[in-house]
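Colleague: One structure, as structure tokens, below. Some questions next.
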Ligand SMILES: Cc1cc2nc3c(=O)[nH]c(=O)nc-3n(C[C@H](O)[C@H](O)[C@H](O)COP(=O)(O)OP(=O)(O)OC[C@H]3O[C@@H](n4cnc5c(N)ncnc54)[C@H](O)[C@@H]3O)c2cc1C
Ligand code: HEM
Ligand code: HEM
Ligand code: SF4
Ligand code: F3S
Ligand code: FES
């Protein structure tokens, strides 16, 4: 039995995982990162558009601060977010970006003087302030009041991930590559590490640790078309679910991005629209202003995606052999801008579509993009029910995104959560010691060993690739942008059947070491379970909130549904998870529920809302002299690690 | 004792100097070959022209006897030979060190069929060939410093030396022009704003120079040959 | 451009070093071309329909992560963004990237290599004062042009094409290789990195470093991200030569 001991085990070498690893290593704890492949290949590298942080250096970000960022985030989440967490997040994001700058991210900078930009299809000249010259600049993104999305051309995630990984290399943090965590070791209500399969040798290794942090990214690949990397299969969340103890949160909250290219689903960044790109229908008509006269193409993602789908349903989509699609037009931005700031987009168009976006339209369609749900954690990043299990990044439901994430808030979340949760992870390492009986380890190891042996020995049975495809298709057709009870029921039924069949997978290639089919066979049953939590959660939630949009229940129903979904998979033999709900306490909200400001407001309000609104007003009235920091503290005091409590400086404004 | 502590030993500056020296000697040889070629080519315009040029090289116009000093040629040859030897010695470091490396190189060149790599392979082969051919030529000239159309033509025509010169010519021209091109990309000369475009242009120029010198060289060789046939 | 339903013959070098007694061999697979088919799609089809044991690495399938570099008809490139329609005769021959440890078939271990490379060049910002920076305060300013220039060099995806394309690297194992030069040039350009030229000389000032580069420029010609290798290596060479 091969066992590796460490203090802080981090599963996932993306931005989130690496940042946690850095935090625990800096505090002096032995740290190991596991990754399916080299850390720098993690999907974080694909984030093109940018990272939100309210630095307010660009003139179009004037007046931006934590409050505005907070408001945008909560509105974006359709009030589904945990406001404590969102607050911690907005306060820390400026520090995170500055830290990354010192680690080497070449953030695009403000250039003083005039520059031409495209706003609402018109060329406009804006004048950047002299005193902001050389500070980190920002671009416009959907669903934000200010230009707040900081970027490096369109390689933001890439440069961030490289800087963070290089920092990890500097700190000598080992990344064990081509290792897949396939089960968590837990005992006595505490997580004690993971059972890990070496993807090259096939060996199973027990990693034993004080803390285990799941930072494995999203689960987009339960859908057949997704902007996600093909390794975004949600295995981290699945193994947490399989403990039977740790719950997943808000799994039904799945975001669709408006502009992925057709048919392959590769993303063209929101930066395209942020920088002035337009959406056109088959007649070359710009339709978004008809639906959203205010924010137009730059409404929240869920909104734009829905509007596009609506428009296509009216027969306005351009037909193609892969179904209808719409067009993204960035021609008006000009060659120079595209070559410099949207170069990856240009490359993608050239290589995958054979077109030049400088002169041609890009065929796009809303496509699965982001998983708001994931391993449910408290605001310190720890599972509420399994001690020592932490989770960060897209894999987690730390819950600052609620039911819809804003563009640019995700890479920001990864590093901010990494910083904050990283401190709590280190605290936990400081205060505990692992003791685990060898027999327990053996039990966990043996269980996985047996499963694999069984897979390799089975002579007849199901084809794993077919099962996977069936699952992905079901999710695509029945659990998409617009959902309804019938389709969701179909999805749940189909998935239950697939889950049963997945217990009978038979492999053609019976090698124990590097064997891609075996990798699939281990993953697919886990993925089907995740798919069920999504479909089932969506079926039960009879309202529309953020990205979860029910045609049969179009209104947001705060009265009954202002709560977070928690999903447990209690027994291996179950075919459905247990679903519980956790109320969001309006009386503690800094920003009580209101209208998001898109379309008609059909919210069914909660009785507490009115009470809280009055209360907030009262607090404001009672403290006429308090500054915004004091007010914030009065409305919703939050706990945040000492290190990150300072106020953030902004150019021309100081620390106010 | 200090040298036992690895970190305190700084990297030597010698590799930098050697690299520079290699390029320097290459440049001298490369440019020398242009001049050499123009001089030799005088034979195209007839024996007299060649003799005149050769005479100038021996500074015949300075000596009252009109004989000049062939010793000057010996000095020149010695100088060039020194550069040649230094260059060759430095270049050998870049050769494949053993059979295995050579095999990898061959396989790589074949698989990739990449222009600049192919060119280097040519440089390697021609350099290797010149190791012998060039030295021989230099030794011959050094030991027979008398240069005039008759002597030269005799050398070219006699002892079936014609193929020897043809081979040397091809080697030196390919090697030299590629070498000069490489110098430009290596040190970033003549790059301008658009490096990729400039490189294309340099490649064309290199191609043109190779062809030009080889054509002219063969013309001269033919001329020597004809003269040789007459004597 | 794309011939409907044409047959593609895809030859793959098959070899699994994990299996005792396995020997390298070329195996041919025939598949039907689909519109817009990339080698990524083709290989997955082979794995799903023909032989589930074929090994290869794709992650982003969008030309972003650099994991899918392989030798495609003789030259290194990113397989995920190579359209099969590019090959007029429908013949595609795939080999794993040479110069890296083979994991199996088309999959190589470029990760370990890149980690060592980064350790060797110490590919991070060196600034002893970095830990004292107060992140509540305004960040250090940077000229917008400098930021752009750095980004140009940061676009490297560590795919390894430049390593496989370099005869020098192939022959001489200790040679740093273009990706290392690129990274080093990036840090040399960055005002936040306080290393001096002579510090950099310690890393690349020898025949395994920039003076070993024979300017073959396979790196420049096959870098899928079109990084300016020629200019940057020349720049490093001059810079290193000038170190006293
Ligand atoms: C195309 C695209 C563009 C985007 N653009 C933006 C943007 O502009 N702005 C923004 O804010 N957000 C953007 N996002 C979202 C954002 O990039 C991701 O949410 C974020 O990077 C996730 O980071 P992460 O660290 O949580 O996970 P990842 O970066 O996905 O890392 C997951 C890690 O976990 C490892 N792993 C997974 N499973 C296992 C296992 N079982 N065992 C061991 N290791 C495992 C993987 O190897 C990997 O290292 C974009 C997303 C996509 C798909
Ligand atoms: C024994 C004879 C010679 C040998 C073995 C030889 C070998 C080589 C080799 C291997 C290189 C490549 C070096 C590298 O890639 O870094 C080279 C470069 C070069 N050679 Fe030669 N060579 C010889 C003679 C000559 C002659 C006669 C000339 C003049 C025409 C010449 C001109 C050059 C030039 C200009 C370069 C480029 C220099 C550089 O890359 O730094 N060489 N030589
Ligand atoms: C100072 C040194 C040199 C002198 C004086 C010299 C002189 C001559 C002379 C006189 C000839 C005519 C043929 C003959 O008489 O043999 C000749 C031809 C030639 N030399 Fe040299 N040479 C020198 C150096 C070199 C070097 C270094 C090279 C290349 C390695 C070289 C390559 C050639 C070639 C290729 C020819 C044939 C040219 C032709 O007719 O096309 N020479 N040289
Ligand atoms: S420099 Fe280019 S070829 Fe080399 S690893 Fe980076 S991206 Fe790949
Ligand atoms: S291919 Fe190799 S030799 Fe130098 S120019 Fe590039 S590193
Ligand atoms: S799979 Fe990421 S570059 Fe090809």
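Quick note: the coordinates plus some simple rules give every number you see, no bench work behind them. All values derive from a computational prediction rather than experimental measurement. Note that we place each Cβ from the backbone using ideal geometry, even for glycine, and neighbour counts take in every protein chain shown.
Colleague: Taking all pairs of distinct Cα atoms, average 1/r, flip it, and tell me the Kirkwood hydrodynamic radius of the range B:18-230 in Å to one decimal place.
Modeller: After inverting the mean inverse Cα-Cα distance, the result is 18.7 Å.
Colleague: Report P(r) for the protein assembly as shown: all Cα-Cα distances, bin width 20 Å, range 0 to the bin holding the largest distance, values in whole percent.
Modeller: Reading upward from the zero bin: 11, 38, 31, 13, 5, 1, 0.
Colleague: Simple spin-label model, 7 Å along Cα-to-Cβ: residue A:124 to residue B:197 in nm?
Modeller: 3.6
Colleague: Nearest 5 is fine: what % of DSSP beta bridges in the protein assembly as shown come out antiparallel, could you say?
Modeller: Of the beta bridges lying entirely in the protein assembly as shown, close to 70 percent run antiparallel.
Colleague: Extent of the range A:269-340 along each principal axis, from alpha carbon coordinates, in Å, largest to smallest?
Modeller: 35, 30, 18
Colleague: Tell me, what is the percent relative contact order of the range C:7-108, built from C-alpha pairs under 8 Å that lie six or more residues apart?
Modeller: 34
Colleague: Further, regarding this structure: Which one, B:177, B:126, B:117, has the greatest fluctuation when you compute a Gaussian network model over chain B with C-alpha springs under 10 angstrom?
Modeller: Result for chain B, Cα springs under 10 Å: B:117 fluctuates most.
Colleague: Roughly what angle does helix C:178-189 make with the longest principal axis of chain C, taking Cα atoms, 0 to 90 degrees, to the nearest 10?
Modeller: So the helix axis and the longest Cα principal axis differ by about 30 degrees.
Colleague: Under 1.5 on a/c is rounded, so check that first for the range A:397-485, then, if it is not, pick prolate when a/b is larger than b/c and oblate when it is not; a ≥ b ≥ c are the square roots of the alpha carbon gyration tensor eigenvalues.
Modeller: Since a/c reaches 1.5 but b/c is at least a/b, the shape of the range A:397-485 is classed as oblate.
Colleague: For a paramagnetic label modelled at 7 Å from the Cα of residue B:101 toward its Cβ, which residues of the range C:205-234 fall within the zone defined by backbone nitrogen distances under 13 Å?
Modeller: Of the residues in the range C:205-234, C:207-209, C:212-214 have backbone N under 13 Å from the label point off residue B:101.
Colleague: Using a simple spin-label model with points 7 Å from Cα along the Cα→Cβ vector, what separation in nm is obtained for residue B:128 and residue A:617?
Modeller: It works out to 9.1 nm between the two label points.
Colleague: For the range B:1-124, rounded, prolate or oblate, judged on the Cα gyration tensor with a ≥ b ≥ c (square roots of eigenvalues), a/c < 1.5 rounded, else prolate if a/b > b/c?
Modeller: oblate
Colleague: On a full-extension model of 0.36 nm per residue, what is the gain between residue A:489 and residue A:638, subtracting their alpha-carbon distance, rounded to one decimal in nm?
Modeller: Stretched fully, the residue A:489-residue A:638 segment lengthens by 49.6 nm.
Colleague: Using only alpha carbon positions, build the gyration tensor of the range A:516-651, then give the equivalent ellipsoid semi-axes as the square roots of 5 times its eigenvalues, largest first, whole angstrom.
Modeller: Numbers: eigenvalues 290, 105, 41 Å².
Output for the range A:516-651: semi-axes of 38, 23, 14 Å.
Colleague: Tell me the label-point distance for the pair residue A:503, residue B:67, using the 7 Å Cα-to-Cβ offset, in nm and rounded to one decimal.
Modeller: 11.2
Colleague: Could you tell me whether chain A comes out rounded, prolate or oblate from its Cα gyration tensor? Rule is a ≥ b ≥ c as square roots of the eigenvalues, rounded for a/c under 1.5, then prolate if a/b exceeds b/c, otherwise oblate.
Modeller: Rounded, since a/c falls under 1.5.
Colleague: On alpha-carbon atoms, Rg over Rh for the range C:68-168 using Kirkwood Rh?
Modeller: 1.14
Colleague: Tell me, in nm to one decimal, what length is gained between residue A:578 and residue A:116 on full extension, where the rule is 0.36 nm per residue of separation less the Cα-Cα distance?
Modeller: 160.9 nm
Colleague: OK, next. How large are Rg and Dmax for chain C when calculated on the C-alpha trace, in angstrom?
Modeller: Rg and Dmax of chain C, Cα atoms, are 20.8, 64 Å.
Colleague: Next up: With a Förster radius of 30 Å, plug the Cβ-Cβ distance of residue A:427 and residue C:132 into 1/(1 + (r/R0)^6) and report the FRET value to the nearest 0.05.
Modeller: Calculated value: 0.80.
Colleague: Taking a point 7 angstrom from the Cα of residue A:647 along the C-beta vector, which residues in the range A:55-84 have backbone N less than 13 Å away?
Modeller: It comes to A:66-67, nothing else.
Colleague: Where the Cα atoms of the range C:122-241 are projected onto their three principal axes, how long is each span, largest first, in whole Å?
Modeller: Extents along the principal axes: 50, 28, 21 Å.
Colleague: Would you calculate the volume per residue, in Å³, of the smallest convex hull containing every Cα atom of the range C:7-108?
Modeller: About 97 Å³ per residue, rounded to a whole number.
Colleague: What is the mean number of Cβ atoms from other protein chains located within 10 Å of the Cβ atom of each residue in peptide C:215-228, rounded to a whole number?
Modeller: Taking the mean over all residues of the peptide, I get 5.
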